[in-house]
Amino acid sequence: MPDRSEMHRKMRGRNFAVLAVLVSLVILIAVATYVKLGGGF
Amino acid sequence: MLNSQTITEGNVKNPSLENIAEVQDFWVLLKPRVMSLSIFSALVGLILAPGEIHPVLGFTAILLTALGAGSAGALNMWFEGDIDARMERTKTRPIPMGRLTPGAVLGFGLTLGIAAVSLMGLLINLFTASLLAFTILFYVVVYTMWLKSRTTQNIVIGGVSGALPPLIGWAAVTGSLSLEPMLLFAIIFSWTPAHFWALAILCKDDYNKANLPMLPNVAGLEKTYIQILIYTGLTVAVSFTPYILGFSGAFYGVIAIGFGLFFIWKAVELYLKKEEKNARSLFFTSIFYLFAIFSGLALDRLLFGGVG
């Protein structure tokens, strides 16, 4: 039988990593859209 | 495509610790080493292109190129699940290991590819997006599905997709193409056969097991050594063209000659000694060579403005 807590730990880590990547992408796309529409820094 | 013996209902529906997919598995699907060449060569195309691009958009274009390359890698692994299972080099990939189902890999690859191309069109320009779409489709459909299992020229023609990223970087800035980015394309295109045939010599038994018609398996080692020698010479000759045509300066010219001679020497050494260690040495030299040539082009432009 697999170790349930180890399995949950792995799944939590996976979810967190995926969320971090998605949030970074959304921020990048938002900033790129802002620049594309003529906004400056 | 994956056959039902590789993956069973049991190991998907009742996951154990060994076959739960992790972030690492999705990372492997992107073929990070292949992706790094795409990122690097697209970046050099972007640096060499005349005109300016906002750094945020430049970074976005490179990232989307990387995602596009990753989607091509994932779709390649989706299609080749059963071939990967038969080869030592690839049998630990997520599908043969039963950690990801072919359907999940297909979904991941398609989502990534469609997102990368769409965002490239919306945020950069439509021409660059079509180049990216063409690159992905060429790698997946023409190379993976059509040529790879049918002809020894698979990696020669398939090299088109690996050679396109510098054009994507260039087009992100200019919205068009010209002779100079075509030379970058020609360098990578002519470089690909020597690089992959050196690897194919090392993995000869693996390719036999997978029944893939790589040149060393079909034509024999002697003919492969000669072909490698010819393509290496061609690559080095093509690498001189940016200098000869005035697109780059003396700094690049010296790098192209120096590293070109070293690359040719390694190919000659393989032809003369015919040992596996020489094939391995040529394989790594080819990676080092391409990195040096493209770095030389970029540095020449950044440091000296590309005039000799």
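The values are calculated or read from the model by the stated rules, or taken from the named source; none is laboratory data. Since we're looking at a predicted model, the values are computed, not measured. Reconstructed Cβ throughout: ideal geometry from the backbone, glycine too, with neighbour counts over all protein chains shown. Accessible surface areas use protein heavy atoms only, side chains included; no ligands, DNA or RNA. Shrake-Rupley method; radii C 1.70, N 1.55, O 1.52, S 1.80 Å.
Take the conditions (1) closer than 20 Å to B:Ala115 by Cβ; (2) more than 10 Å from chain B (Cβ to nearest Cβ); (3) open to solvent by less than 100 Å² (accessible area, probe 1.4 Å); A:Ser5 misses just one of them, which is (1).
Residues are listed down the side, and each one gets a yes or a no for (1) part of a helix (DSSP H, G or I); (2) crowded, with 20+ Cβ neighbours inside 10 Å; (3) of a type in the set (S, T, N, Q):
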{"site": "B:Pro213", "(1), (2), (3)": "no, no, no"}
{"site": "B:Ile226", "(1), (2), (3)": "yes, no, no"}
{"site": "B:Leu229", "(1), (2), (3)": "yes, no, no"}
{"site": "B:Val236", "(1), (2), (3)": "yes, yes, no"}
{"site": "B:Tyr243", "(1), (2), (3)": "yes, yes, no"}
{"site": "B:Ala267", "(1), (2), (3)": "yes, yes, no"}
{"site": "B:Arg280", "(1), (2), (3)": "yes, no, no"}
{"site": "B:Phe283", "(1), (2), (3)": "yes, yes, no"}
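Residues that are basic (Lys, Arg) and either within 8 Å of another protein chain (Cβ to nearest Cβ) or open to solvent by less than 100 Å² (accessible area, probe 1.4 Å) (or both): does the range A:33-40 have at least one? Looking for residues that are basic (Lys, Arg) and either within 8 Å of another protein chain (Cβ to nearest Cβ) or open to solvent by less than 100 Å² (accessible area, probe 1.4 Å) (or both), one finds at least one in the range A:33-40, hence yes.
With respect to the conditions (1) more than 14 Å from every other protein chain (Cβ to nearest Cβ); (2) buried (at least 24 other Cβ atoms within 10 Å of the Cβ); (3) more than 18 Å from the chain's Cα centre (by Cα), B:Leu110 falls short on a single one, namely (2). Taking B:Ala186 and the conditions (1) farther than 22 Å from B:Leu245 by Cα; (2) part of a helix (DSSP H, G or I), which numbered condition does it fall short on, given that it satisfies the others? Only one criterion in (1) farther than 22 Å from B:Leu245 by Cα; (2) part of a helix (DSSP H, G or I) is unmet by B:Ala186, namely (1).
A count restricted to the range B:51-97 and to residues that are within 14 Å of chain A (Cβ to nearest Cβ), open to solvent by less than 30 Å² (accessible area, probe 1.4 Å) and outside any helix (DSSP H, G or I) stands at 1. Please tell me if A:Gly13 is more than 7 Å from chain B (Cβ to nearest Cβ) and either loosely packed, with under 11 Cβ neighbours inside 10 Å or not in a helix (DSSP H, G or I) (or both). No, not satisfied.
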